[in-house]
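**Student:** I have a structure here, written as structure tokens, and I will follow up with some questions on it.
The values are calculated or read from the model by the stated rules, or taken from the named source; none is laboratory data. For clarity, every value in this text was computed on a predicted model and none was experimentally measured. FYI the Cβ positions are ideal-geometry reconstructions off the backbone, even for glycines, and counts take in every protein chain you see. Surface areas here come from the heavy atoms of the whole protein model, side chains and all, with no ligands, DNA or RNA. Shrake-Rupley method; radii C 1.70, N 1.55, O 1.52, S 1.80 Å.
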Amino acid sequence: MPPLVKIRSERDSMSAIERRIADYILDNAHLLRDYSSQQLASALGISQSSVVKFSQKLGFKGYPDLKYSVGQALARGGGPQPASPDAPRTSGDAYEQLQDSVRRSKAAAEEETRLLNPRALIEQIVARIDQAQKVFVCGLGDDGLFAREFAMRLSLLGVLTVHHADSILMMTNVSAARPGDVLIVFSEFGKLPQLSQISRQFQDAGGATVSITRHTANPLRAHADAALVVSAHDPAPHIEQLLYRSSLQSLLDFVFVLLCQTNPDRERQLAVNLERVQHLLDS
């Protein structure tokens, strides 16, 4: 796992001092090559040993090893590149630079999301969905858009799907949950109490819950039986939101493709249902 992704993935479990070091490195990765461990410690007002221990806790031999690894990752395109001060700033160049910057940021966020969701976890979730008698899908607000689309995709595969964008209606439907059923909950920040309540009630009925949230510590993710996480980080809020949507969609697309390829019956059912839908549209 690239060092910056590793730092970001473990940040929530770090101590207060470790989080300060992590945030500084994440925000100033391109400057790290010019910092010794003592200079980094002085910039943060902490001891040099704290920087060394931080590096070792991440699995590096020491700070120089961490610094070299970050530098290598950046050279391979593993992080945002600063704009060159000598670059021409004509309107055409600005347009192309912005277009390329958005493309690279989306690709980096999707790659981080891929690395944060290991194969074993995704295969386990796919197996649960494929074997479930019923799959409940819930999401509120903007999350409801992704929940609705994914529920529709599951239905096209022949999965009995219960979807609601209303927490009260979903709460009443959860009473029909049985052991082996699966609840997929979409919540970007995972902090809505009503979704956590629905998730707990579903688990009490014997079902398994799958949360889909940002890669942050949150109640929904903490209590889920399995958790898919999305990485999306950018100083500009409007860009960060685009990265979240792009990374989440990429993750859901892959889960859908795995469901098709894991069970040939699902793929055949998809073809039948798509033909029925097209016939309905043409009539």
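**Student:** Please work out which one of (1) touching a helix residue (DSSP H, G or I) at 6+ places or on another chain (Cβ under 7 Å); (2) closer than 20 Å to LEU140 by Cβ is the condition ASN263 fails and give its number.
**Tutor:** (2)
Per-residue answers, yes or no, for (1) touching a Ser or Thr at 6+ places or on another chain (Cβ under 7 Å); (2) surrounded by fewer than 17 Cβ atoms within 10 Å (Cβ to Cβ); (3) over 20 Å from LEU121 (Cα atoms):
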site: ARG178; (1), (2), (3): no, yes, yes
site: LEU183; (1), (2), (3): yes, no, no
site: PHE186; (1), (2), (3): no, no, no
site: ASP204; (1), (2), (3): no, yes, yes
site: ALA222; (1), (2), (3): no, yes, no
site: SER247; (1), (2), (3): yes, no, no
site: LEU252; (1), (2), (3): no, no, no
site: VAL257; (1), (2), (3): no, yes, no
site: ALA271; (1), (2), (3): no, yes, yes
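**Student:** Scanning for something assigned to a helix (DSSP H, G or I) and over 28 Å from LEU160 (Cβ atoms), does the stretch 245-261 turn up at least one residue?
**Tutor:** yes
**Student:** Looking at (1) among the aliphatic types (A, V, I, L, M); (2) open to solvent by 20 Å² or more (accessible area, probe 1.4 Å); (3) in a helix (DSSP H, G or I); (4) more than 23 Å from PHE136 (Cα to Cα), which is the only condition ALA217 fails?
**Tutor:** Result: ALA217 fails condition (3) only.
**Student:** Of everything in the stretch 113-150, what is of a type in the set (Gly, Ala, Ser), under 17 Å from ARG245 (Cα atoms) and not in a loop (DSSP other than H, G, I, E, B)? Give them in sequence order.
**Tutor:** GLY139, GLY144, ALA147, listed by residue number.
**Student:** I'm trying to understand the selection: among the residues of the stretch 235-245, which are of a type outside the set (Ser, Thr, Tyr) and surrounded by 19 or more Cβ atoms within 10 Å (Cβ to Cβ)? If you could, list the steps in order and put the result at the bottom.
**Tutor:** Let us first name the residues in the stretch 235-245 that are of a type outside the set (Ser, Thr, Tyr), namely 235-243, 245.
Result: LEU243, single match.
**Student:** Would you check which residues across the stretch 165-175 are over 26 Å from ASN273 (Cα atoms) and open to solvent by 20 Å² or more (accessible area, probe 1.4 Å) and list them?
**Tutor:** Within the stretch 165-175, ASP166, SER167, ILE168, LEU169, MET171, THR172, SER175 qualify.
**Student:** Within the stretch 119-164, track down each residue that is surrounded by fewer than 18 Cβ atoms within 10 Å (Cβ to Cβ), among the aliphatic types (A, V, I, L, M) and either closer than 22 Å to SER196 by Cα or within 23 Å of the chain's Cα centre (by Cα) (or both).
**Tutor:** Answer for the stretch 119-164, where residues must be surrounded by fewer than 18 Cβ atoms within 10 Å (Cβ to Cβ), among the aliphatic types (A, V, I, L, M) and either closer than 22 Å to SER196 by Cα or within 23 Å of the chain's Cα centre (by Cα) (or both): ALA120, LEU121, ILE122, ALA127, LEU145, MET152.
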